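Below is one structure, written out as structure tokens; comments come after it.
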Amino acid sequence: MLYKDQIGRSITISKTPLRIISLVPSITELLVDLGLEDQLMGVTKFCVHPHNLRRLKTVVGGTKNISVEKIKALSPDIIIANKEENTEEIVESCETIASVYVSDIASIADCLEMIEDFGILFSRQSEASSIRETIQSEVRAFTLKMKKYSTQKVVYLIWKKPYMAAGKDTFIDYLLRLNKFDNILLEDRYPEISIERLRLADIVLLSTEPFPFKEKDKVDLESKIGRKVALVDGEYFSWYGSRLSKAFDYFWTLQKKLRT
């Protein structure tokens, strides 16, 4: 059958793929939740959920560098990649081995589309439908609860030395907006930001990934900018897939903490 991935590439799959490699940590978790753990042959070193998965599967590298030889030895039917997390060179290398599905996520709608695609592609329509419905229900409930809150200006930091933040056209920015956070950085996707500009925000959010900000970073930055600074779970703000079904409970708990 002929499929299209999320960047419009055509993929020809003759039968339901039975040997899968995932180069995207959040998608690895989704595939497991779709009941495909046994079909997962290879994952990245950053595929930390479920926690024991890397002991059971072949680790084929990171998200920006892979071992083509390891992937080839696993004889995959399909390789799952992401436009942002994996490089174009990685996708091209993988295409010499097997069909490659490239995801491209900037919104909840994109995430739901990807889950639907996987339900069809891997013959897991029922499981995919259940996950989609849960996410949609969580989004609706959270949006209703957030109506009582006003918008606050934020910066969402993802890196230190230099400070870098999530900007426009990112999935993180989309989730910030659902949280009624007005991202003050919209000139680039991942811009550097000065201490002076951080002072323009009501709240500065320090993500636990990709840079692992700690409590000491929060205390230090608060003393420098005189603004509220909060540590936030980067997985809930950046992982698309089945993790979204749990994200909105986390967001609501965070909102109550930040707005009191």
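The values are calculated or read from the model by the stated rules, or taken from the named source; none is laboratory data. Fair warning: this is a prediction, and the values are worked out from it, not measured in the lab. Methodologically, a virtual Cβ is constructed for each residue, glycine included, from the backbone with ideal geometry; neighbour enumeration extends over all protein chains shown.
Descriptive notes on the structure:
- Filter result for Ile66 (of a type in the set (A, V, I, L, M), closer than 24 Å to Glu92 by Cβ and surrounded by 18 or more Cβ atoms within 10 Å (Cβ to Cβ)): yes
- Qualifying residue in the range 72-80 (condition: assigned to a helix (DSSP H, G or I) and not assigned by TED's automatic domain parsing to the domain that holds Phe171): yes
- Being in the same structural domain as Lys180 (by TED's automatic domain parsing) and in contact (Cβ under 8 Å) with a residue 12 or more places away in the chain is a property that does not hold for Thr134.
- Unmet criterion (only one of (1) outside the structural domain of Ser26 (by TED's automatic domain parsing); (2) surrounded by 14 or more Cβ atoms within 10 Å (Cβ to Cβ); (3) of a type in the set (Val, Ile, Thr)) for Thr151: (2)
- Residues in the range 180-190 that are touching a strand residue (DSSP E or B) at 6+ places or on another chain (Cβ under 6 Å) and not in a strand (DSSP E or B): Ile184, Leu185, Tyr190.
- Among the residues making up the range 167-179, those that are free of Cβ contacts under 8 Å to residues at least 60 places away in the same chain and either of a type outside the set (Asp, Glu) or on the phi > 0 side of the Ramachandran plot (or both) are Gly167, Lys168, Arg177.
- When we screen Lys180, Lys224 for residues that are closer than 30 Å to Asp33 by Cα and either among the aromatic types (Phe, Trp, Tyr) or surrounded by fewer than 20 Cβ atoms within 10 Å (Cβ to Cβ) (or both), the only hit is Lys180.
- Hey, Ile90 assigned by TED's automatic domain parsing to the domain that holds Ser14, touching a residue at least 24 places away in the same chain (Cβ under 8 Å) and not in a helix (DSSP H, G or I) or not: no
- Hey, Ile195 loosely packed, with under 14 Cβ neighbours inside 10 Å and either touching a helix residue (DSSP H, G or I) at 6+ places or on another chain (Cβ under 7 Å) or in contact (Cβ under 8 Å) with a residue 40 or more places away in the chain (or both) or not: yes
- Scanning the range 198-207 for residues that are over 21 Å from the mean Cα position of the chain (by Cα) and either more than 11 Å from Val154 (Cα to Cα) or assigned to a loop (DSSP other than H, G, I, E, B) (or both) returns Arg199, Leu200, Ala201, Asp202.
- So Ile105, is it in contact (Cβ under 8 Å) with a residue 60 or more places away in the chain and either in a helix (DSSP H, G or I) or within 30 Å of Ile66 (Cβ to Cβ) (or both): yes
- Looking only at the range 125-179, residues that are acidic (Asp, Glu) and either assigned to a loop (DSSP other than H, G, I, E, B) or more than 18 Å from Ala109 (Cα to Cα) (or both) come to 1 in all.
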